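Every read-out reported here was derived from the displayed coordinates using simple, explicitly stated rules and does not represent laboratory data. Keep in mind it's a predicted model, so treat the numbers as computed, not measured. For neighbour counting, all protein chains shown are included, and Cβ atoms are generated from backbone atoms with ideal geometry for every residue, glycine included.
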Amino acid sequence: MTSQGPPEPVLVVLEPERGTLSVTGSEAKSWLNGLVTCEVAKLASGQGAFGLALNKQGKIQSEVEVLVGPDRLLVGVSPGVNQKLRLALDKFLVMEDAELADESDSYTWVDFHGLGAAALADAAAQVCGGHFAVMSFTAQSGASLVLERERLLELERFIERTPSLHLGTDADWQAFRISQELGRFGVDFGEADNPHEAALDRRAVSWSKGCYLGQEVVCMQDMRGKLKRRLVALTLDGGGDAPPVGSAVTANLGGEVVGELTSVARSPATGTWLALARVKSPFFDGNAPLGVAGAPAAFVPQSSPEIG
């Protein structure tokens, strides 16, 4: 009988560049629920949801992490879009008892990934203040912590003295999110993409909630089932230096160009290169062999969380 080793420490990812919007008022949840893809109306205090903000055409304007605090909704948004998104959402405030504000200068976001993420995020909140919530980014356990920026040093000290936590480097985060096929807005997808093209249709979209901005287009896309392109996670066969972002993905080895790499990182587990790539139809379905820089590329198996 073989004994199992200690569990992997929970990966902690600091997100200081993420913006923060807040929504207050008696109709805050119902108003925001009509503007994002995740279920907000049913969230209780201390709960959260990962989703997207879309425009009327169903194109992605930002990732969103919605956390229900005791007196407001805190909404983490993609880096650099907080002011633009606040102005866009503010146009939908008519008679609702809700107020939208940009509090990016006051708050910072921290994500926890791995077994025990919620309990450790809770422990961090108890020591450093702030609010935490379970947040399903991937098939692995996840949680988010929102705290005042001035208390970030306290959190870093808490992480240092907690063996079950690992403060990830940029390389750690890149390798993890690529292995989980989790793209980033402005890096792997952008305003020209819809949730299906960004591979977020089953982890950032609720298929059981009421109407939201862009829903009709998203539902039509899901029913049609035809995509021009989709983000996929690949493992690259070949040593040496990493292929640069923008490298061509080809059918077979050196055949037709069918896509391009958007993110690349080395797997800490295997030492191989991992990549996210935008691949055109029908080559993203995993049935045709792909190559990068003359070496084989294989699809990374995924088990994405369905959020309902």
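Determine the principal axes of the Cα atoms in the stretch 53-135, then give the extent along each, sorted from largest to smallest and rounded to whole angstroms.
Largest first, the stretch 53-135 extends 39, 27, 21 Å along its Cα principal axes.
How would you rank 90-99, 240-249, 142-151, highest first, on the average number of other Cβ atoms within 10 Å across their residues?
Highest-to-lowest ranking by the protection proxy: 142-151, 240-249, 90-99.
Run the numbers on the stretch 10-162 and let me know its relative contact order in percent, using alpha-carbon pairs under 8 Å that are six or more apart. Don't jump to the answer; show the numbers that get you there.
Working: 322 pairs, mean separation 41.5, N = 153.
Result for the stretch 10-162 is 27 percent.
Could you work out how much longer the chain between GLU260 and ALA139 gets when fully extended? Use 0.36 nm per residue separation minus the Cα distance between them, nm to one decimal.
41.0 nm
Could you please state, rounded to a whole Å, how far the C-alpha centre of the stretch 15-50 is from the C-alpha centre of the stretch 102-143?
The distance from the Cα centre of the stretch 15-50 to that of the stretch 102-143 comes to 15 Å.
Measuring from label point to label point, each 7 Å out along Cα→Cβ, what is the LYS56 to GLU96 span in nm?
With each label placed 7 Å out from Cα toward Cβ, I get 1.7 nm.
What FRET efficiency comes out for ASN287 versus GLU216 if R0 is 25 angstrom and r is the Cβ-Cβ distance? Round to the nearest 0.05.
0.25
Take the alpha carbon atoms of the stretch 97-244, find their radius of gyration, then divide it by 2.2 N^0.38 Å using N residues; give the quotient.
Here the answer is 1.25, to two decimals.
Write down the Å³ per residue value for the convex hull defined by the alpha carbon atoms of the chain. Please report the intermediate quantities before stating the final value.
Details: hull volume 45.8 nm³, N = 308.
In the chain, the Cα hull volume divided by residue count equals 149 Å³.
Which entries of LYS226/LYS280; LYS84/LYS228; LYS42/LYS91; LYS29/LYS209; LYS84/LYS226 have Cα-Cα distances beyond 19 Å here?
Table pairs above 19 Å Cα-Cα are LYS84/LYS228; LYS42/LYS91; LYS84/LYS226.
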